Amino acid sequence: MHIPSMKELVSAEEWQLRCDLAACYRLVALYGWSDLVFTHITAKLPPSVAGDAHQFLINPYGLMFDEITASSLVKVDMQCNKLHDSPFPVNPAGFVIHSAVHAARDDAQCVLHTHTRAGVAVSAQQAGILPISQQSTFVLASLAYHGYEGVAFRDEEKPRLQDDLGSANFLVLRNHGLLVVGRSIADAFLSMYTFENACRIQIDAQAGGALTEVDPRIVAGTAAAMKVQTGGLGGAFVWPSLLRRLERADPGYRD
């Protein structure tokens, strides 16, 4: 489908954010974390672009993640109202979780939510994330849980979700999936990469017999180290290599 370019219609800063978010959608598809057209990744526009307003970029509802481009992303406000002409619909119900997180967390430039098989499987386990891998120690350093309340389209759920998330960057949505908060799109993607792998490793390990857990002192040490480490998991370091991989596979995300 032909989508007119937005490049000359927005600021250079917004265009770069659009390119990074479109790349994130394509990478989520490339790594097999997408769920048809469902789930969302949102990016908050900085004050230098949006001023005092709260504005976000979100996927055009109905496009597969590997179809999303920088120009097709839709700019919305906190109620998910479109702020520019777009031929694509948006999904206000799908924005409930994201708007709740963005409202509670000034540091949340990007919120990434998935419904992967491994993520949902672990979200249904009573013990949640187990300390059985190096990946899990990074997650456990900043992990929270939110109980399932049905399909998340009711505003009344927002305060409970915000309270459960608190200052954590990893959230298990019970019986539902995974969510990460990132200071940047790059940080959010790398956090979800770690979160997803922790879940896949856990499901695989549980199929193989008795488990060996990481010493709680090591888990606690990881948490302490991450509190003073700038850049979280270091998304900015790995992001250029991810973009190079995407360029080799399909550079169309920049359209």
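The values are calculated or read from the model by the stated rules, or taken from the named source; none is laboratory data. Worth saying up front: this structure is predicted, and the values here are computed from it rather than measured. Backbone-built Cβ (ideal geometry, glycine too); neighbour counts: all protein chains shown.
State whether the residues of the range 68-76 include one that is surrounded by fewer than 18 Cβ atoms within 10 Å (Cβ to Cβ), at pLDDT 95 or above and assigned to a loop (DSSP other than H, G, I, E, B).
No, the conditions are met nowhere in the range 68-76.
Check the range 179-191 and report whether any residue there is assigned to a loop (DSSP other than H, G, I, E, B), buried (at least 22 other Cβ atoms within 10 Å of the Cβ), touching a strand residue (DSSP E or B) at 6+ places or on another chain (Cβ under 6 Å) and modelled with pLDDT of 95 or more.
Checked against the condition, which is being assigned to a loop (DSSP other than H, G, I, E, B), buried (at least 22 other Cβ atoms within 10 Å of the Cβ), touching a strand residue (DSSP E or B) at 6+ places or on another chain (Cβ under 6 Å) and modelled with pLDDT of 95 or more, the range 179-191 yields no hits at all.
Tally up the residues in the range 1-56 that are crowded, with 20+ Cβ neighbours inside 10 Å, of a type in the set (A, V, I, L, M, F, W, C) and part of a loop (DSSP other than H, G, I, E, B), please.
Residues meeting the conditions: 2.
Any residue at all in the range 36-43 that is farther than 21 Å from Tyr253 by Cα and in contact with a His (Cβ under 9 Å, 6 or more places away or on another chain)? If you could, list the steps in order and put the result at the bottom.
To start, the set of residues in the range 36-43 that are farther than 21 Å from Tyr253 by Cα comprises none.
No, the range 36-43 contains no residue that is farther than 21 Å from Tyr253 by Cα and in contact with a His (Cβ under 9 Å, 6 or more places away or on another chain).
Restricting to the range 111-152, count the residues that are aromatic (Phe, Trp, Tyr) and crowded, with 22+ Cβ neighbours inside 10 Å. Please lay out each step first, then the result.
Going residue by residue through the range 111-152, those that are aromatic (Phe, Trp, Tyr) are 138, 145, 148.
If we keep only those that are crowded, with 22+ Cβ neighbours inside 10 Å as well, we get 138.
Number of matching residues: 1.
Taking Ala108 and the conditions (1) part of a loop (DSSP other than H, G, I, E, B); (2) surrounded by fewer than 18 Cβ atoms within 10 Å (Cβ to Cβ), which numbered condition does it fall short on, given that it satisfies the others?
Of everything listed in (1) part of a loop (DSSP other than H, G, I, E, B); (2) surrounded by fewer than 18 Cβ atoms within 10 Å (Cβ to Cβ), Ala108 misses just condition (2).
Which of the residues that make up the range 89-102 are surrounded by 14 or more Cβ atoms within 10 Å (Cβ to Cβ), part of a helix (DSSP H, G or I) and aliphatic (A, V, I, L, M)? Spell out the reasoning first.
Taking the range 89-102 and keeping what is surrounded by 14 or more Cβ atoms within 10 Å (Cβ to Cβ), we get 90-92, 94-102.
Right, trim to part of a helix (DSSP H, G or I) and you get 92, 94-102.
If the condition is that a residue be surrounded by 14 or more Cβ atoms within 10 Å (Cβ to Cβ), part of a helix (DSSP H, G or I) and aliphatic (A, V, I, L, M), then Val96, Ile97, Ala100, Val101 are the ones that fit.
Looking only at the range 233-255, which residues are out of contact with any helix residue (DSSP H, G or I) (no Cβ under 8 Å at 6 or more places or on another chain), at pLDDT 90 or above and within 19 Å of Gln109 (Cα to Cα)?
Within the range 233-255, Pro240 is the sole residue that qualifies.
I'd like the residue in the range 57-66 that is farther than 18 Å from Ala152 by Cα and without any contact (Cβ under 8 Å) to a residue 40 or more places away in the chain and, out of all such residues, is surrounded by the most Cβ atoms within 10 Å (Cβ to Cβ).
Here the residue is Pro60.
Suppose we keep only residues that are under 30 Å from Leu45 (Cα atoms) and part of a helix (DSSP H, G or I) within the range 111-134. Which one would you say is farthest from the chain's Cα centre (by Cα)?
Applying the filter and picking the extreme gives Val120.
Scan Gly32, Gly62, Gly94, Gly128 and give me the residue that is at positive phi and at pLDDT below 95.
Of Gly32, Gly62, Gly94, Gly128, the one residue that is at positive phi and at pLDDT below 95 is Gly62.
From (1) in contact with a Lys or Arg (Cβ under 9 Å, 6 or more places away or on another chain); (2) over 21 Å from Asp155 (Cβ atoms); (3) surrounded by fewer than 16 Cβ atoms within 10 Å (Cβ to Cβ), pick out the condition that doesn't hold for Lys82.
(2)
Mind checking which residues of the range 205-219 are in a helix (DSSP H, G or I) and touching a helix residue (DSSP H, G or I) at 6+ places or on another chain (Cβ under 9 Å)?
Listed by number, the residues that qualify are Ile218, Val219.
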